[in-house]
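Asker: Can you read through this structure? Questions will come right after.
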Amino acid sequence: MQYHYETKGTCSRAIDIDLDEATGTIRSVRFTGGCNGNTKGLTALVEGQKATDVIARLQGIRCGMRPTSCPDQLAEALTEALEQL
């Protein structure tokens, strides 16, 4: 399943996710914008992981004084994607 998410409140503008519908495993993640090294590192850590595990680990992470972050927005995107399965 391909899922596109427009981020809110972060430097990144969007997240594109490829999710295995049968297992809920993240095949790939691609951020548009954001801190290049951080988003590449985040992507490398979550690919091959269960979406539910990633959500549990990343949800609620803040970036400085912002109420959200790229990891938190990825958790939101995965939550929405799982709701569509």
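The values are calculated or read from the model by the stated rules, or taken from the named source; none is laboratory data. Given the structure is predicted, the values throughout are model-derived calculations rather than measurements. Glycine also receives a Cβ, built like all others from the backbone with ideal geometry; neighbour counts cover every protein chain displayed. Quick note on the areas: whole protein, heavy atoms, side chains included, nothing else; ligands and nucleic acids left out. Shrake-Rupley method; radii C 1.70, N 1.55, O 1.52, S 1.80 Å.
Asker: Pop out the ³J(HN,Hα) list for the stretch 60-67 in order, Karplus 6.51 cos²θ - 1.76 cosθ + 1.60 with θ = phi - 60°, rounded to Hz; leave Gly and Pro as x.
Answerer: In residue order, the calculated couplings are x, 5, 10, 10, x, 8, 5, x Hz.
Asker: Say each of Cys35 and Thr79 gets a label point 7 Å from the Cα, pointing the same way as Cα to Cβ; how far apart are those two points in nm?
Answerer: 2.3
Asker: Just to make sure I understand: if all protein chains stay in place, what is the order of Cys11, Cys70 by accessible area at 1.4 Å, largest first?
Answerer: Cys11, Cys70
Asker: Tell me which residues come under 5 Å, amide H to amide H, from Ser28 once H is placed; ignore anything under 5 positions away on its chain.
Answerer: Under 5 Å from the amide H of Ser28: Asp18.
Asker: From a point 7 Å beyond the Cα of Thr25 in the direction of its Cβ, which residues of the stretch 1-16 have a backbone N at a distance under 17 Å?
Answerer: 1-2
Asker: Further question on the same structure: With a ≥ b ≥ c taken as the square roots of the eigenvalues of the C-alpha gyration tensor of the stretch 18-71, please select rounded if a/c is under 1.5 and otherwise prolate if a/b is larger than b/c or oblate if it is not? Numbers along the way, then the final one.
Answerer: Numbers: a/c = 2.61, a/b = 1.51, b/c = 1.73.
Since a/c reaches 1.5 but b/c is at least a/b, the shape of the stretch 18-71 is classed as oblate.
Asker: May I pose another question? What is the magnitude of the charge dipole of the chain about its Cα centre, with +1 placed on the Cβ of each Lys and Arg, -1 on the Cβ of each Asp and Glu, and no other charges, expressed in debye to the nearest 20?
Answerer: 420
Asker: Can I ask one more? To the nearest 10 square angstrom, what accessible area does Glu76 show with a 1.4 Å probe?
Answerer: Estimated to the nearest 10 Å², Glu76 gives 60 Å².
Asker: Helix-derived [θ] at 222 nm for the chain: sum -39500 (n - 2.57) over DSSP H runs of at least 4, divide by residue count, nearest 500? Please list the in-between numbers first.
Answerer: Details: 3 runs with 33 residues, N = 85.
Mean residue ellipticity, 222 nm, calculated: -12000 deg cm²/dmol.
Asker: Given the whole protein assembly as supplied and a 1.4 Å probe, what does the accessible area of Ser69 come to in Å², nearest 10?
Answerer: Number for this one is 10 Å².
Asker: Work out which trypsin sites (Lys or Arg not before Pro) in the chain are exposed loop sites (DSSP not H, G, I, E or B, at most 13 other Cβ within 10 Å) and give the longest gap free of them.
Answerer: 9-61
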